[in-house]
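Taking it in order: structure first as structure tokens, then the write-up.
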């Protein structure tokens, strides 16, 4: 158990819908990262927040957005869902802000999203 | 843009044999991670390699990093069935590349390892 929690574990929804995935980092970690894992794209970095502030963006679609709240939990919002958005979504947390700091990331159990 | 390539992508091994998984990356980085993933599960951190020449060992797995060659290896010694999983290497985008992408992990495609009796 990494100490990172994600809810829900599974989510089944229809095309065009909107969902919110939630992540709570390990105690003391200020950074939250979101990743998407799919069969065709592999593991891809989506976005990084540090202490409430967006720090880096990867291959995140405009239909997706995220935020990190004052209690450091983060939410990933996916809207106008398409079949191709079906994937495993992981969040990871680390104590450091990234960059030159030691940056080991600990991964949560993931949310499996199925879009029908 | 940083690219990370693993090979082989599929590895079928007999128990007791040795093998190596290779991880090449395209731009300079001084930080590389190896993760293990069981089917449908999360990623478990195996090794963190922070400098050129770093070597770490845990049980039957040993990882090394050559930053000059931009190459990391994960060596499996005397494989056992419990090692069957998917193994990923991941490289940190270094801070001096500019922009705001530093610190993010770029993953290889993963190596699916199956160990047969």
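Values in this text are rule-based calculations from the coordinates and carry no lab data. This structure is a prediction, so every number in the text was calculated from the model and none was measured. Every residue, glycine as well, gets a Cβ built from its backbone with ideal geometry; the counts of neighbours run over all protein chains shown.
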Based on other C-beta atoms within 10 Å, arrange A:12, B:112 from fewest to most.
A:12, B:112
Residue B:78 to residue B:22: FRET efficiency via 1/(1 + (r/R0)^6), r the Cβ-Cβ distance, R0 22 Å, to the nearest 0.05?
0.70
In a GNM of chain B with a 10 Å cut-off on Cα contacts, which of B:53, B:40, B:16 has the highest mean-square fluctuation?
B:40
Debye log10 I(q)/I(0) at q = 0.13 Å⁻¹ for chain A, Cα point scatterers
-0.44
Rounded to the nearest 0.05, FRET efficiency between residue A:65 and residue B:38 (Cβ-Cβ, R0 25 Å) equals 0.25
Can you give the FRET efficiency to the nearest 0.05 for residue A:22 and residue B:109, using r as the Cβ-Cβ distance and R₀ = 22 Å?
0.15
What is the spread of the Cα atoms of the protein assembly as shown along each of their three principal axes, largest first, in whole Å?
49, 40, 31
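State the dimensionless ratio Rg/Rh of region B:52-93 (Rg: radius of gyration of Cα atoms; Rh: Kirkwood radius). Each step should come with its number before you reach the end.
Numbers: Rg = 11.6 Å, Rh = 11.5 Å.
Rounded to two decimals, Rg/Rh equals 1.01.
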Compactness summary of region B:3-117: radius of gyration and Dmax from Cα atoms, Å, are 14.0, 49
